[in-house]
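See below for the structure under consideration.
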Amino acid sequence: MEYLPAEIQLKILQNLTFVELFSIKQTCHHFYNFINKYEGSLSRKKFNNILFDIVSNAKQINLVKIDFLLNDELLKKWQFVLEKQIPLYLNAGAVFTLKQTLNLLFFTEGDSFLSGVSNQKNDFTLQLPLYPKSIDELKILRFYLKKFFSCNVEYLNFNKFLFNPEMIELLFDSEEIKKLKIKCKIADLCFYNSKIDLFKFTLEHLVIDKHLWIHFDLNNNLQIDYNVLLNILLNGGNKIPEVVLYPFDGNIRLYNLLVEQIEETKDLTKMMTKITFDCINCPISSLIVKGIIKKEYNNIKYFELLNTHNSMIKFSVKWRCLHNNKFVNEIKITTQ
């Protein structure tokens, strides 16, 4: 097979699982180098759940010494990391504290992706130093971060801690950083005003097949930068199929701004096709009523919302109400 043209070899290997690819890599130097070269186009290691947490009941990955030849540019950047004591990860919000013993957990497919509890013998944790102390430790970080970004995960939970963008930018060169993308079906992130750049950097390095869940800071709920969020909702449809937002304390201003933009924006071709607000007793009196009521029964109201520039662009808006239609606990906006 190794004597076949490279494009034929690649097509054959694309039909194999991650485990099968790993086995073939061990057979000879040719396949080891070939699979490493094209790993972005081949099957990824699959996990049911990946998150940061502190646990003791999952097996620890034994970190191995990595043989990696540094060029002068990377060596200079890495020495800067050591001198400035740059952390590997950051807390997503003010309520969580960084710990030296923080683990990156990898759950196998047998686990419930929301359980957060390891109960499978194949589950394991990766414990990387918060503050690396040597070039050898930085080589290890680079190696395992590259492996992390080549995973395919069902549910990625980064609503407490995130990788530090500054560290990523110092460990890899600019061309490598562009290729660092982790695939997931569901990504769970938090949005904090003081961490907007961190949020955007993380989002840029995710390939989301199904849902993005966005939680908000309970303490800063009235100071949200809505422009950043509106831009994601109105222009992120080609990257993210559906988003679910969890506003606190009935703060539904983002919904009001969004329906106004849906009416007034000329180009909605990049808008997400399904947007859900999972509210906690949001007063109906705080909602802007837009569009025409098409149906109303029990505790559900359906509206049709039209774009003023193109009446062929239509959206369905559903309110799920509570307490004699005084509050809303769910709003869905979908394209028709």
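Residues in the stretch 297-320 that are assigned to a strand (DSSP E or B) and at pLDDT below 90: 297 only. Exactly one residue out of 275, 293 is outside any helix (DSSP H, G or I) and surrounded by 17 or more Cβ atoms within 10 Å (Cβ to Cβ): that is 275.
The single condition among (1) in contact (Cβ under 8 Å) with a residue 60 or more places away in the chain; (2) in contact with a His (Cβ under 9 Å, 6 or more places away or on another chain); (3) not aromatic (Phe, Trp, Tyr) that residue 264 does not meet is (1).
The residue pairs whose first member lies in the stretch 322-336 and is surrounded by 12 or more Cβ atoms within 10 Å (Cβ to Cβ), whose second member is acidic (Asp, Glu) and in a strand (DSSP E or B), and whose beta carbons are closer than 8 Å, counting only pairs six or more residues apart or on different chains, are 329/278; 330/278. Of the residues contained in the stretch 236-248, none is found to be over 25 Å from the mean Cα position of the chain (by Cα), assigned to a loop (DSSP other than H, G, I, E, B) and not assigned by TED's automatic domain parsing to the domain that holds residue 181.
Restricting the search to strands (runs of 3 or more DSSP E) fully inside the stretch 64-167 and requiring at least 1 residues that are over 17 Å from residue 195 (Cβ atoms), at pLDDT below 85 and in the same structural domain as residue 205 (by TED's automatic domain parsing) gives 103-107, 124-126, 151-158. Taken together, 277, 315, 303 contain a single residue that is farther than 18 Å from residue 216 by Cβ and in contact (Cβ under 8 Å) with a residue 40 or more places away in the chain, which is 315. Please work out which residue is farthest from residue 329 (Cα to Cα), limiting yourself to the stretch 255-271 and to residues that are outside any loop (DSSP other than H, G, I, E, B) and aliphatic (A, V, I, L, M). Among those residues, the one meeting the criterion is 262.
The values are calculated or read from the model by the stated rules, or taken from the named source; none is laboratory data. The shown structure was predicted, so the numbers you read here are calculated from the model rather than taken from an experiment. So basically every Cβ, Gly included, is an ideal-geometry build from the backbone, and we count neighbours across all protein chains shown.
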